[in-house]
Structure formats: C-alpha cells, structure tokens
Amino acid sequence: MARPSSGGLIVAVAGAARIAGIRRGDRLLAVDGHRLRDVVDFSFYADGPAATFRLLRDAEEVLVRVERPAAAGWGIEFADPLFDGVRRCTNRCLFCFLDQLPPGWRRSIYLRDDDYRLSFLHGNFITLTNLRREDWHRLAEQRLSPLYVSVHATEPALRRRLLGGKEIPDVRRQLAQLGRLGITVHTQVVLCPGINDGEHLEKTVADLARLHPAVQSVALVPVGLTRFRTCPPAGLEGISALLRSYAPAEAQALLYWAAPRQREFRCKIGQTFLYLADEFYLLAGRPVPSAARYDGFPQGENGVGLVRLLLDEWAPVRRRVSMSFPRPLRITLVSGTLIAPLLRRLGEEMEARLPGFSIQILPLENRTFGPTVTVSGLLTGETFLQGLKGVVLGDLVFLPRAAFDEQREYTLDDVSVDSLREELGRPIVLVERMGEVVRALEAR
C-alpha cells in the first residue's frame, strides 16, 4: 500500500475528473503507471485525451479511467505543486536574503528552496548545485525549459566562496549540458561591489555569452543587505566583511560599463542579453532603456524593466485622463525611498491634468530592514504602521501591491490590508501602476 503522504492531495475537482468520480481528498499516485512526484510529472504523463489514474482513497488504492474533451483540462487542483517536498538549498550564500530576516515571522518565509521544478513552474532562481543523476535524467526526458539560474560568478573558486565555501560543480559545464538537452536558461548575477564585479564580472558575462542561445539572458542585480545580517560561515569572514551596498557613483559606472556591451550583443545576437536591475538606474539617476531594449521583459520578476513598464503604462493614461471633483481631493501614494523621485514627477503630471486634485508622494524608510533596503516591495507592516501613524494622510491612501502577498494581502510580517485600514482610519487601495490610481479615482 502506498504511504499516506505519497502522491498529490486533490483539493478541488471539476469537469472530466468530477464526471469520472474523482473526489476531493483523493491522492493521485500515478498516471498510466507513472508514479507522480509533482504537478510537472502530472502534466507530462497526462498529456493525452485519456488516462488511467491510480488514486489513494480511504487507505485503499483505486483505478479510475478519465477522458477529457479536446483542449480541456482534467479539472483537478492539488494542495501543493510538489508531492514529495521541496528540495532545500544547502548553500550558505554570503548575501542570502533569508539569512537577513528578523526572527519570529511565519515559518514559510524562511524556507530555502533550490528546486529546479519551482524554477520551471514559477521562475525561482536556483544554483544547480544539488542536482543528482536522476534529476539530469528527468531533465533530459521532460525538457523543463526555461530554468532560472543564479550564477554570480563563473570562476569556480570565486563562485564557491560566494555560495558558502563548499565544493560545487562548474556552472559553465552545467549550463552547457542544459543547452545540449534543449533547455534554455535565464541567469542572474547578484553583484557585490569589490567582490564579483570588475574583471570578474567581465569574465562572467563573456562566459555566459559564449553559451548563448542556451543562456538567453543575464541580469545584474545589486546585493541587498539588511540590519539583520548574521555571522558568515566559518572561514568566510574575510569576504563577508567586504559586503556593502552600491553607491550612486558605482551604479553610474556600471551603467557606462554595460552600455557598449549591450550594443554589441544587439548587433551580434539581436537582443540586449545583458540587463541591469532598475535599482541601478534609479540609484544613478539615469533614465531606464526603452521597452524594445528589454526584449519582452524575460527578467521582469527580477526587478528588471518594471520602471519602464510603469512609464509606458502611464503615458497613454496621462494623455486621456480628465476628471473634475465636486470638492478638493487629496490622495497619498506610499512607496520606498528609491522610486519616490520618479513618482513625484508622475504625480506632478497627474495634478496638472486634474483640477482640484493633489497627490502626496510619501516615501518610507524601511523600519524593519533598515535604510539600505529602499525598494517598495520590501516595505513591511511595521514600516507602514510606524511611518504613517501621525501623518496627515489624503482622502485615499495607495500602498504598493508588491509589498503584499497576492492571495492573502498580508505583508511579509503578517500585517493585513484590513488591519492597516483600521489602524490608519483611511480607505486603502493596493496598486502597481499609476493607471490603477486613476481607475480608483474614476470609480469614486
């Protein structure tokens, strides 16, 4: 008999599955004789119009034949996409953000995953350091593409130090092997000034470019450091002491370094290939590239190109927006400190087109992580409560959607939007772009 914990727990049933008699609470163990480890296996092995499902129901195994119409789904929803647990990360990266979190938050926040299946499903970045022989066999069979890989440096000794000092495979060989399997990869380099930039970055980018088209993109992201940094692993104290944030002049120098290389890549391979996180442009006070330079925004979830999307979304809204208000209306738009100067400019453009309207851009210093964490997406409930209490707020308060969990609308430190509304005594709307602000005003 199968272990009660094996297979995928079914939490919702509809369509073909419901018609075939599958129930909520069943565990799906296998499809057409293939045991299932996750939803990826399920999608791969249940790819046809009909399949035989082996289920665990009330401690007994049952076989159910299911047929579905063309282009229809099976009608099954699982409690978790991974049936055999998350592959945990065993590295101790010097700059790992999870090592820089305060204690006492919900357990799931601290989960270190390094699971190639979550990379395929959700775009999580992985290091490829824990792949086993059977994983490579599976990658060869199922061609899970694209994957997202944290490289940081291609020089083995330097990468080993950055990832925590243990022996690890040569990432260049691993990426080449993925390419031979027909799997494409998007990579990132978390840049630590004075450690993996300069000549090391030059080599890393050159090595990754030689692996194109298997390597589709390289994103440069600045290291994030909070006030909760703990002691580094034994033997790595020296390099850890060098960790620091980027200064504006360094960000500007990096942009100047990257520009000719980006132009060269566009000439040679038809795409920018090397992308810099928005933080570098904002820190340097430089305009972000045009949308065409982001080639479809393959690293948008990594903070690459979101400012360009914000600006391009606002441009047509700005041209058409026109409202009048029966009484003066004042709103408050809350953000991190980094994006605030840009939002002020957009706010002034809004005010110029809306008589009787005023917008207060309110940047908050991060009370939880410290002043070195300047992005809006890492603002916490503690920061909102302490930063907004006692402030004269507008009739409507807009908070950055990126700071809240998508499903529950809670911050990292488990403060809900509803509790913020109650504490602040103001209507609160979560927004991502300026067009959403305008739509909220139109709906009033």
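None of the figures in this text is laboratory data; all of them are computed from the coordinates on show. Given the structure is predicted, the values throughout are model-derived calculations rather than measurements. A quick note on method: Cβ atoms are made from the backbone with ideal geometry, for glycine too, and the neighbour counts reach across all protein chains shown.
Observations, loosely collected:
- P(r) histogram, all alpha-carbon pairs of the chain included - 10 Å bins from 0, percent: 4, 18, 24, 25, 19, 9, 1, 0
- Student exercise, region 1-74 dipole from Lys, Arg, Asp, Glu Cβ charges, in Debye to nearest 20: 160
- Total charge dipole magnitude, region 310-442, about the Cα centre, Cβ charges on Lys, Arg, Asp, Glu only, Debye to nearest 20: 620
- Quotient of C-alpha Rg and 2.2 N^0.38 Å, computed over region 302-365: 1.21
- Using the average count of surrounding beta-carbon atoms within 10 Å as a protection proxy, the listed peptides 314-320, 92-98, 125-131 rank, highest first, as 125-131, 92-98, 314-320.
- According to the Kirkwood relation over distinct C-alpha pairs, the hydrodynamic radius of region 378-444 is 12.3 Å.
- Computed from the alpha carbon positions, the gyration tensor of region 154-270 leads to an equivalent ellipsoid with semi-axes of 26, 20, 11 Å, biggest first.
- With the Kirkwood sum run over all distinct C-alpha pairs, region 97-303 has a hydrodynamic radius of 18.0 Å.
- Helix-only CD estimate at 222 nm, as mean residue ellipticity for the chain, using -39500 (n - 2.57) per DSSP H run (n ≥ 4): -9500 deg cm²/dmol
- Two-decimal log10 I(q)/I(0) for region 8-78, as the Debye equation yields it once each C-alpha is a single scatterer, q = 0.15, 0.19, 0.28 Å⁻¹: -0.40, -0.66, -1.60
- Diffusion constant of region 248-386 at 25 °C, which comes from Stokes-Einstein with the Kirkwood Cα-pair radius and 0.890 mPa s, µm²/s: 144
- Between the C-alpha center of region 341-418 and that of region 280-314 there is a gap of 20 Å.
- q = 0.13 Å⁻¹: log10 I(q)/I(0) that the Debye formula gives for region 310-442, counting C-alpha atoms only: -0.52
- Average silhouette area of region 111-175, convex hull of alpha-carbon atoms, in square nanometres: 4.6
- Cα-based reach from LYS389 at 17 Å (exclusive), listing aspartates and glutamates while leaving out same-chain residues under 8 positions away: GLU365, ASP418, GLU422, GLU423
- Per-q log10 I(q)/I(0), region 34-142, q = 0.15 Å⁻¹ (Debye; single scatterer per alpha-carbon; no solvent): -0.83
- Sorted by Cβ neighbour density within 10 Å, fewest at the top, the residues ASP207, ASP114: ASP207, ASP114
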